[in-house]
Amino acid sequence: MNHFIIRFFLFLLVFTNGYFAFSKNINVLIVTAMDSEFEQISKLMSNKEEIVLKEYGLNKKVLKGKLSNRNVMVIVCGVGKVNAGVFTSYLLSKYNISHVINSGIAGGVVSDKYKNIKVGDVVVSSEVAYHDVDLTKFGYKVGQLEGLPQKFIANKNLVNKAREAVKSKIKDSNAYSGLIVSGDQFIDPAYMNKILGNFKDVIAVEMEGAAIGHVSHMFNVPFIIIRSISDIVNKKGNEVEYSKFFKLAAFNSAKIVQEILKIL
């Protein structure tokens, strides 16, 4: 009997040690689209180590390190849905990822529901959808692909923590959670009318979030999209506003990622 007890405790010791060793390898994946967004995350990190994904001739750099004492991996996926989907799915299949966070900038949408949204505000995805997918002639909703929901739901715990972080950390900026839509276009006021016709509750528009939500949904990994507003898409000449404020927006988004990881 004593031998059995000893073996049992040895088993527990090996198992728990293995578990904790395994736990240390769990990473939060942070996906950015552009260098300017990546740089703001990188500034907040410690114990940084660059690795290169060489398979298939990718030659893609990934930054590993600590952010708010959490293991993170950060990648610049490139602009657009395909780039976001490819590298998110690749890293989810290759590494042990607990959560996916997309950090960056977006165009804000002023509407009857969101009358006061402004540059620098932070938008957290309650859900994401494609605004440029249309299979309605085959009975699907705008944005919906066969076998998939029209909208991909973000992790509620992450959403709540992000809203808390914005209220406490970003001065003169408001936090919103709502629908973020994605497509491979820089949106101007004329195109925005079409999007609002299909998604009346949209709060922000960008080019990667829905693909990241799509992939996270397929891999069953919790995700959130965090975007700070660089321009108001309903406003004429929003590309000028974007050029002026994208660095501020990237900074605000990165700060919220940092705060979420402190309380995750």
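The values are calculated or read from the model by the stated rules, or taken from the named source; none is laboratory data. Being a predicted model, the structure only gives us computed values, none of them experimental. Counting neighbours? That spans all protein chains shown, and the Cβs are built from the backbone with ideal geometry, glycine included. Quick note on the areas: whole protein, heavy atoms, side chains included, nothing else; ligands and nucleic acids left out. Shrake-Rupley method; radii C 1.70, N 1.55, O 1.52, S 1.80 Å.
How many percent of the accessible area of the range 162-264 is carbon or sulfur, using a 1.4 Å probe?
Heavy-atom surface of the range 162-264 belonging to carbon and sulfur, 1.4 Å probe: 53 percent.
What is the extension gain from Val240 to Tyr56, computed as 0.36 nm multiplied by their sequence separation minus the C-alpha to C-alpha distance, in nm to one decimal?
62.4 nm is the gain from fully extending Val240 to Tyr56.
Could you pull out the pairs from Lys60/Lys161; Lys118/Lys161; Lys64/Lys151; Lys81/Lys244; Lys94/Lys247; Lys54/Lys244 whose alpha carbons sit more than 27 Å apart here?
From the list (Lys60/Lys161; Lys118/Lys161; Lys64/Lys151; Lys81/Lys244; Lys94/Lys247; Lys54/Lys244), the Cα-Cα distance tops 27 Å for Lys60/Lys161; Lys64/Lys151; Lys94/Lys247; Lys54/Lys244.
Identify, among Ile117, Asn69, Val240, the residue whose Cα sits farthest towards the positive end of the charge dipole of the chain, taking +1 on the Cβ of Lys and Arg and -1 on the Cβ of Asp and Glu, with the dipole about the Cα centre.
The listed residue farthest towards the positive side: Asn69.
Starting from the Cα of Asn96, step 7 Å along the direction of its Cβ; do the same at Asp188; then give the gap between the two resulting points in nm.
In this crude spin-label approximation the distance works out to 5.0 nm.
If you take every DSSP beta bridge whose two residues both sit in the chain, what share of them, in percent to the nearest 5, is antiparallel?
Roughly 40 percent of the DSSP beta bridges within the chain come out antiparallel.
Based on the mean of other Cβ atoms within 10 Å per residue, sort peptides 56-66, 27-37, 203-213 so the most packed one is first.
Top of the packing list down: 203-213, 27-37, 56-66.
Label-point separation (nm) for Ile26 and Lys48, each offset 7 Å from Cα along Cα-to-Cβ?
In this crude label model, Ile26 to Lys48 measures out at 2.6 nm.
Given the C-alpha centroids of the range 44-80 and the range 145-189, what is the distance between them in whole angstrom?
If you average the Cα positions of each part, the centres end up 23 Å apart.
I need the shape label for the range 170-264. Rule: rounded when a/c is under 1.5, else prolate if a/b > b/c, else oblate, with a, b, c from the alpha carbon gyration tensor.
Oblate is the answer for the range 170-264, as a/c is 1.5 or above yet b/c matches or exceeds a/b.
Taking 30 Å as R0, compute the FRET efficiency from the Cβ-Cβ separation of Asp112 and Thr136 and round it to 0.05.
Taking R0 as 30 Å, the efficiency between Asp112 and Thr136 is 0.80.
Please give the per residue accessible area of the chain, computed with a probe of 1.4 Å over protein heavy atoms only, in Å².
Per-residue accessible area for the chain comes out at 50 Å².
What label, among (i) 0.97; (ii) 1.05; (iii) 0.99, belongs to Rg/Rh (Cα atoms, Kirkwood Rh) computed from the structure on display?
Computed from these coordinates, Rg/Rh (Cα atoms, Kirkwood Rh) corresponds to label (ii).
Would you work out the charge dipole size for the chain about its Cα centre, treating the Cβ of every Lys and Arg as +1 and the Cβ of every Asp and Glu as -1, and quote it to the nearest 20 debye?
Magnitude of the dipole: close to 760 debye.
Count neighbours as other Cβ atoms within 10 Å of each site's Cβ, and list the trypsin sites (Lys or Arg not before Pro) in the range 174-229 that are DSSP loop with at most 13 such neighbours.
Of the trypsin sites (Lys or Arg not before Pro), the ones in loops of the range 174-229 whose Cβ has at most 13 other Cβ atoms within 10 Å are Lys200.
Can you check what the net charge comes to around Ile224, using other residues whose Cβ is under 12 Å from the Cβ of Ile224 (Lys, Arg +1; Asp, Glu -1)?
+3
Per DSSP H run of at least 4 residues, take -39500 (n - 2.57); add these up for the chain, divide by its residues and hand me the 222 nm value, nearest 500 deg cm²/dmol.
Only helices count here, giving -13500 deg cm²/dmol.
Can you find, among Ile97, Val31, Met192, the residue sitting farthest towards the positive end of the charge dipole of the chain, where Lys and Arg contribute +1 and Asp and Glu -1 at Cβ?
Ile97
Of Leu148, Ser182, Leu44, which is farthest on the positive side of the dipole of the chain, counting Cα position, with +1 on Lys and Arg Cβ, -1 on Asp and Glu Cβ, and the Cα centre as origin?
Result: Leu44, furthest along the dipole toward the positive end.
Taking a 1.4 Å probe, which of Asp184, Asp172 shows the most accessible area, and what order do the others take after it?
My answer, sorted largest first, is Asp172, Asp184.
Residues with beta-carbon under 10 Å from that of Lys161, excluding Lys161: net charge, scoring Lys, Arg +1 and Asp, Glu -1?
Residues near Lys161 contribute +1 overall.
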